[in-house]
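J.: Here you go, one structure.
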Amino acid sequence: MTIDNTQAQVGDDDLYQDVMSQFPFLNGYTHFMLGFQLDSDESHNAIVDALKTGVQRVIDKVPWLGGQVACESSPEGTATFRPTAWPEGLPVNEIVRLNICDAKLPPMAELLRTGTPVSVLPASVLTPWPGLPQPHGISGPVPIIAMQANFISGGLILTISCHHNIMDATAIFQFIRLLTVVMKNGEIMPPELDQANRDRRGVIPLIPRGEPVKNFSHLRRAPDYVQRTPSSTSRWCYFRFPVAAMPRMRKLASRPQTTMSEQGSPAPLLSDNDILSAFCWNRISAVRLGRGAMTGGQKVGPTSTTKFNRAIDGRVALGVPPSYMGHMVCHASTRLTLQQVVTQPLSTTAAALRRDLNAANTPWSIRSYATFLAREPDRSKLLYGGSFDPNTDIGASSLVTDLTGASKDDTASGFAFMSLGDLLGKPRFIRRPDLPLIPGVLYFQPVENGAIPILLCLSAEDLDGLMKDRQWTQYMKYVG
């Protein structure tokens, strides 16, 4: 393991240790939308009032959620993002907003019938501000959270927007969990409040100087680095993967691994996430290789390198409960040639993904990552997740681990807890809106009606190739 000792000697005593989120790229909002079917006689005002009351009850227990994002710059150029109180003397922070948009979106019944494609969920209508990677454009205090109640014919699309320097996806879902408790007239348990209000500075112990630190210098942007762009126009698109197809895909991934025995190490246990990720990587790479995708003016070939980046929740490795509401995301990267990904057994690719994730998801690796970020004098020169080429690489984030026990009731997916009281009940779907493009990414979302919604942002050529790919269409149903 290489050791990186090239960083500036910043005083460790002065470091703000909640550094996992301190990337300028994350200075913006991430949006989740919950879709609720409503009776025609439901009062919009009653629902908005119930949401406002519920949010205020949560903020009374977790005050920083009602605050703003403070951005403090250093002489070296690095900005530090922290939650702080809402400024006194300014208008109150109106977290819950009302939006009547039944003339701009299809009725809820049609959304449910068609699978709720992303193409009919315009972010310009459904979100209070643009989502990442686009800047939020807010002048004045920057709220940590916001909710927009979008009423359509026969339903409500509730957008929950959170600033990504302050909260990761696990924290956002924990906020929803707290909201469900209070909207059902429950009391938030003390252990959850302890984690929600936890002092972030000591959650990830930084590694003292003189001790080995894993090398993350690959995150530094090279002086000649050029961000690649897709070879054709990209768009967001949903597919659905039936949970019932997972045993068949597991069987597909049970063939002997071709390279592991050569390394003399036992094959790792594979999760459903490993296998599903390997399958997506395999078919997208096959499409790219088959059509002769271009990058940097050159055609990719069998020996071209492709990278699969997976977002990791560092809580488990560090013994931090999921109720902790900070930002603890890091990444695991696997690099292979396109030919390897396309031709080797699916089990071999899945095992490579698992080994790299296991290596990245350790206390030492995560503490090294935090220490690297804390010591870096100018984080504006870092690449979030490292270099990325949307013509060859894939970046993945998942709210799905294993599907054992998952059913049409969605009890294994984390969906079951989301019941926002008597007025709203349980959502019919969770979606992301049609946000600014992030080419090359995919999201695995919670199980819904017996299937995993998978959101992809790919070039038109890649999406067209997938919809013609027999292996892909055997498992994936197009939604749009």
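The values are calculated or read from the model by the stated rules, or taken from the named source; none is laboratory data. This one's a predicted model, so the numbers in the text were calculated from it and none came from an experiment. With ideal geometry, Cβ positions are generated from the backbone for all residues, glycine too; neighbour counts draw on all protein chains shown.
J.: Can Val316 be described as in a helix (DSSP H, G or I) and more than 28 Å from Asn27 (Cβ to Cβ)? Please lay out each step first, then the result.
T.: Values: in a helix (DSSP H, G or I): yes; more than 28 Å from Asn27 (Cβ to Cβ): no.
So Val316 fails the test.
J.: For Cys162, which of the numbered conditions (1) surrounded by fewer than 22 Cβ atoms within 10 Å (Cβ to Cβ); (2) modelled with pLDDT of 95 or more; (3) not polar (S, T, N, Q) fails to hold?
T.: (1)
J.: Looking at segment 13-33, which of the residues that are surrounded by fewer than 22 Cβ atoms within 10 Å (Cβ to Cβ) and touching a Ser or Thr at 6+ places or on another chain (Cβ under 8 Å) is modelled with the lowest pLDDT?
T.: Tyr16
J.: Go through segment 121-141 and count every residue that is surrounded by 14 or more Cβ atoms within 10 Å (Cβ to Cβ), farther than 16 Å from Arg240 by Cβ and touching a residue at least 12 places away in the same chain (Cβ under 8 Å).
T.: 14
J.: Report whether or not Arg255 is touching a helix residue (DSSP H, G or I) at 6+ places or on another chain (Cβ under 7 Å), of a type in the set (D, E, K, R) and at pLDDT below 95.
T.: The answer is yes for Arg255.
J.: If you go through segment 105-119, how many residues are out of contact with any Phe, Trp or Tyr (no Cβ under 8 Å at 6 or more places or on another chain) and either farther than 26 Å from Asp39 by Cβ or free of Cβ contacts under 8 Å to residues at least 24 places away in the same chain (or both)?
T.: 2
J.: Related question: Residue under question is Thr116, and the condition is that it be surrounded by 15 or more Cβ atoms within 10 Å (Cβ to Cβ) and on the phi > 0 side of the Ramachandran plot; does it hold?
T.: Answer is yes for this residue.
J.: Test Arg375 against the criterion of being free of Cβ contacts under 8 Å to residues at least 40 places away in the same chain and over 19 Å from the mean Cα position of the chain (by Cα), and give yes or no.
T.: Here the answer is no, as Arg375 does not meet what is asked.
J.: Restricting the search to segment 258-280, which residues are at pLDDT 60 or above, under 14 Å from Gln344 (Cβ atoms) and not in a helix (DSSP H, G or I)?
T.: Residue satisfying the conditions is Ala267 alone.
J.: Here is a further query. Can you tell me how many residues in segment 463-480 are β-branched (Val, Ile, Thr) and loosely packed, with under 15 Cβ neighbours inside 10 Å?
T.: Residues meeting the conditions: 1.
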